[in-house]
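Every number in this text was worked out from the coordinates using simple rules, so none of it is lab data. None of the values given here were measured: they were computed from a predicted structure. Backbone-built Cβ (ideal geometry, glycine too); neighbour counts: all protein chains shown.
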């Protein structure tokens, strides 16, 4: 009944939930293997063996998260400079921190609300042209007479 209600293929139990199942199973006895459906009977037996041997419960699955100090370094580099995440990865590598890749840095910046791309400067291309219009016109109309094999030409 439980498996029909849960749409996931695998159900991950916490250590407390495992202990609770083992305690309930102790009360039922060996018939628990016929009743248990949330985990496979072999898994339940393995839990019993580990408990009887005094072993600690297994750790969480998956990769370890990025340490808080590395997160702080990445955020500080992004805030103090106008670098994109690719440059930040390079600078972090210069600090001999090898566990920080491009995707990790990009994810950290997004979680902190920072844009992962480099800040290219204020404004749009239109605004740039308006700001520099008085000097750009001089470049556009500058020409010089040059002597070639066919005579004077404008270059």
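Please report 44, 85 as a ranked list, fewest other C-beta atoms within 10 angstrom at the top and most at the bottom.
On the way: 44 18, 85 25.
Going from least to most buried by this count: 44, 85.
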## Note on the structure
A correct fewest-to-most ranking of 104, 69, 150 by other Cβ atoms within 10 Å would be 150, 69, 104
### Message
When a/c reaches 1.5 or more, the comparison of a/b and b/c decides; with that in mind, is the stretch 68-111 rounded, prolate or oblate per its Cα gyration tensor?
### Response
rounded
#### Entry: Cα gyration tensor shape of the stretch 17-101, rounded if a/c is under 1.5, else prolate or oblate by comparing a/b with b/c
prolate
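Mind giving me the FRET efficiency for residue 30 and residue 53? R0 is 25 Å, r the Cβ-Cβ distance, nearest 0.05 is fine. Working shown, then result.
Details: r = 19 Å, r/R0 = 0.77.
So the FRET efficiency works out to roughly 0.85.
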